[in-house]
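Here's the structure we're looking at; comments come further down.
The values are calculated or read from the model by the stated rules, or taken from the named source; none is laboratory data. Because the structure is predicted, anything quoted here is derived from the model rather than measured. So basically every Cβ, Gly included, is an ideal-geometry build from the backbone, and we count neighbours across all protein chains shown. Keep in mind that these areas ignore ligands, DNA and RNA; they rest on the heavy atoms of the full protein, side chains included. Shrake-Rupley method; radii C 1.70, N 1.55, O 1.52, S 1.80 Å.
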Amino acid sequence: MTTYSPAPKIAIAERSVGVLSAMGAVLRRDLQVSFRQSQDLLNPLLFFVMVVSLFPLGVSPEVAFLRQAGTGILWVAALLSTLLALDHLYRHDFDDGTLEQLVLQPQPLFLLVLAKVLAHWLVTGLPLVMLAPLLGVMVHLDGNSIGILCLTLLIGTPVLSLIGSIGAALTLGLRSGGVLLSLLIIPLYIPVLIFGTGTVVAAADGAPVGAYLALMGAFLALALTLAPFASAAALKISLSSS
């Protein structure tokens, strides 16, 4: 009678725990580093507030205009604020050699990249979502529009971080990498910007927004599926060529 050893199942379980522990360690470390470097944490938020605050002064303070253009203002400011923080996603780890150690870890690199992107979103994207209601009142959006705006930002800002991680990995170690990063990433941000603003405009007009939110959810699912793999491959290419 043939007996089967349970060792492979145990090994798989131990490996799974190891992967989760590694992702948690990367997440905690990145959060600690972000809070220690307060200037990198505050700059995107201050930029977000300044752009939204200065736009009415430079264009028009009329209530009707701000209600019509306020959603686009907030979304463009959120996009640029996320882009501003992307250059630091891998830069510090690249400079101190931590990134090379991550690549050499036995855990899948794309999962470690996903943990780093999650940390980036928690310190940049999530605060933008939390500030959006206050700035929405500033541009005279109604309560329903502000709620839909926060929902679209909650879905869309992780997509911005995931797509941006690919560009940050590709431009790692290059001179004037920030300019090249903007040229690579902004065209990929346009669909998220269009559907993010379109959802709020549709809600303000009383139209159904289910289709818009479903498309944004599809963007998020696609980014979660593909972006970590692309970022991991780009990191290996950047490290091998540096």
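Multiplying the residue separation of ALA221 and ALA207 by 0.36 nm and removing their Cα-Cα distance gives an extension gain of 2.6 nm. Accessible area per residue (1.4 Å probe, heavy atoms of protein chains only) ranks THR225, THR152 as THR225, THR152, with the largest value leading. When ARG36, ARG29 are compared by accessible area at a 1.4 angstrom probe, the order from most to least is ARG36, ARG29. The GNM of the chain, with springs linking C-alpha atoms under 10 angstrom apart, assigns the highest mean-square fluctuation among ASP95, ASP40, ASP87 to ASP95. With a 1.4 Å probe rolled over the protein heavy atoms of all chains, the accessible area of HIS120, HIS88 falls in the order HIS88, HIS120, largest first.
The residues of region 54-141 expose, per residue, 45 Å² of accessible area to a 1.4 Å probe. For the chain, the mean residue ellipticity at 222 nm estimated from helices alone is -29000 deg cm²/dmol, where every DSSP H run of n ≥ 4 contributes -39500 (n - 2.57) and the total is divided by all residues, rounded to the nearest 500. What the Cβ-Cβ distance of ALA25 and LEU180 gives, at R0 = 30 Å and to the nearest 0.05, is a FRET efficiency of 0.45. Which shape class applies to region 136-233: rounded if a/c is under 1.5, otherwise prolate when a/b exceeds b/c and oblate if not, where a ≥ b ≥ c are the square roots of the Cα gyration tensor eigenvalues? Here region 136-233 falls in the prolate category. The convex hull built on the alpha-carbon positions of region 33-118 has an orientation-averaged projected area of 7.0 nm².
Electrostatic bookkeeping for LEU31 treats Lys and Arg as +1 and Asp and Glu as -1; over the other residues with beta carbon under 13 Å from its beta carbon, the sum is +2.
For LEU126 and SER241, the difference between the fully extended length at 0.36 nm per residue and the C-alpha to C-alpha distance is 38.0 nm. For the pair LEU57 and ASP142, a Förster radius of 25 Å applied to the C-beta separation gives a FRET efficiency near 0.65, rounded to the nearest 0.05. Here is the size of the chain from its Cα atoms: Rg then Dmax, 20.4, 85 Å. The relative contact order of the chain comes to 24 percent, based on Cα pairs under 8 Å that sit 6 or more residues apart. Figure legend: label point modelled 7 angstrom from the Cα of PHE35 along Cα→Cβ; residues of region 108-127 with amide N under 20 Å from it are 115-127.
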